[in-house]
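Here is the structure we will look at.
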């Protein structure tokens, strides 16, 4: 299980980046961020003074000196996808090393090789293999010792970028081009399902005194064009429709439009992440470091040059079996201890498997919650409907016969307050109110009163008069106008009105409301109730 406190350090040629965070739920909370230029008086290859200076900078930034993951740049690492003619896990380490010896352009005997199995057939295994020169690893160890920091892992920074995409689901179905910009180099990766499909790094050669922002931006654009051309001509190059910019935000913002025109794909700047609570800290230069910590929280397999995968020592296994057999004959307690050791190993393996499964399930939970909220939001809007014809039909059925009473006008107003998220109840909610103004003429005052009493007695509407009953009808002597309020979109809906408006005499104005009577499509009739 990952520690609660985590630290990742990225050693550049002229700049050091570090991020300290704590695991919190499915994600992490960033506690401190350090981005500092190495003084010109310190040689980045001189481990002792560089390590002491890093230790001082960490102390000033309030970052504890705990075991750290060290990130190395893609420019130091050889990366290859290999198809190996075996499915035996014990054979993969040596076969990977031999294959990398033919593929990379530096001495494999002077490098550390690690790999990740990514696919398997009946006879072959596809692995993502990486090789790091020993001198880079030795420098990292000596710097860590001088800074009085233990080494937990040494991994490639690109694995952190891939973890960021996998954690929010954006690289599960569509390949994504990531462009990680620093003032020393730029890294290009095509990532699909958390795997590096293509990777390239370029040294900008602009990290000396007097470098200019425009020069760096131009250099990044030039390398982007070269990378895009290289990727498109590779075998089985997947279609990429999206690019994610991260790193130096000033440069990324200035080249975003130019990149979109050059690559003809959507460009997005990484400014926040759903699984990373960074507070007020500037994450532009340390997003890949946060990704390496997310990978550790999820318990996902990763490249670790500090402890690479190795072939088992079969001779040692035989010796252990012989010693165990002799010990069984002499000391029964040793057999019990061995059984306990094996059982503990199985439990640890099962715990690792469950952590991986929990990481996958957490991702599904995030997707499910998102889809559930979207569906509820849509239903809230969809349910905000009013069946005006059913209301008209319902009122016509409540009215006395046409010979005794006719309805001249009918106006409906629907007031909908929209759909809002209630933080306290963690639910979507909406508010709405329906107001219907109905006017007509009755044969006599008693008939008009009967119609009004039927409306008042009805539980669907809250009824009030909005005009004086008087002898002013054109067809029947007594005119009337009633205002009805309800929250039910259909007269047959099984819900009572909870309109906050109190019953009144109808004297309140309609200023500011959108009257349907003024619309050509408003529900208005000059026919009688029986029409």
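The values are calculated or read from the model by the stated rules, or taken from the named source; none is laboratory data. Please read all numbers here as calculations on a predicted model, not as lab measurements. Please note: Cβ atoms are built from the backbone with ideal geometry, for glycine as well, and neighbour counts cover all protein chains shown.
Structure values in brief
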item: Scan of the stretch 36-49 for residues that are surrounded by fewer than 19 Cβ atoms within 10 Å (Cβ to Cβ) and either in contact with a strand residue (DSSP E or B) (Cβ under 8 Å, 6 or more places away or on another chain) or closer than 24 Å to residue 167 by Cα (or both), ordered by number; result: 36, 37, 44
item: Lone unmet requirement of (1) within 14 Å of residue 143 (Cβ to Cβ); (2) touching a residue at least 24 places away in the same chain (Cβ under 8 Å) for residue 56; result: (2)
item: Those residues of the stretch 7-38 which are under 21 Å from the mean Cα position of the chain (by Cα) and touching a residue at least 60 places away in the same chain (Cβ under 8 Å), in sequence order; result: 19, 21, 23, 24, 26, 27, 28, 29, 30
item: Filter pass, residue 62 being touching a strand residue (DSSP E or B) at 6+ places or on another chain (Cβ under 9 Å) and either closer than 28 Å to residue 15 by Cβ or not in a helix (DSSP H, G or I) (or both); result: yes
item: Residue count for the stretch 271-299, restricted to those that are assigned to a loop (DSSP other than H, G, I, E, B) and either without any contact (Cβ under 8 Å) to a residue 24 or more places away in the chain or out of contact with any helix residue (DSSP H, G or I) (no Cβ under 6 Å at 6 or more places or on another chain) (or both); result: 11
item: Any chance residue 373 is assigned to a helix (DSSP H, G or I), surrounded by 13 or more Cβ atoms within 10 Å (Cβ to Cβ) and in contact with a strand residue (DSSP E or B) (Cβ under 9 Å, 6 or more places away or on another chain); result: yes
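For every residue, the table says whether it meets (1) at positive phi; (2) crowded, with 17+ Cβ neighbours inside 10 Å; (3) modelled with pLDDT of 75 or more; (4) touching a strand residue (DSSP E or B) at 6+ places or on another chain (Cβ under 7 Å).
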{"residue": "425", "(1), (2), (3), (4)": "no, no, no, no"}
{"residue": "430", "(1), (2), (3), (4)": "no, no, yes, yes"}
{"residue": "435", "(1), (2), (3), (4)": "no, yes, yes, yes"}
{"residue": "447", "(1), (2), (3), (4)": "no, yes, yes, yes"}
{"residue": "458", "(1), (2), (3), (4)": "no, no, yes, no"}
{"residue": "480", "(1), (2), (3), (4)": "no, yes, yes, yes"}
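Rundown of residues vs (1) under 25 Å from residue 296 (Cβ atoms); (2) in the same structural domain as residue 146 (by TED's automatic domain parsing), yes/no style:
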| residue | (1), (2) |
| --- | --- |
| 14 | no, yes |
| 45 | no, yes |
| 49 | no, yes |
| 56 | no, yes |
| 64 | yes, yes |
| 87 | no, no |
| 92 | yes, no |
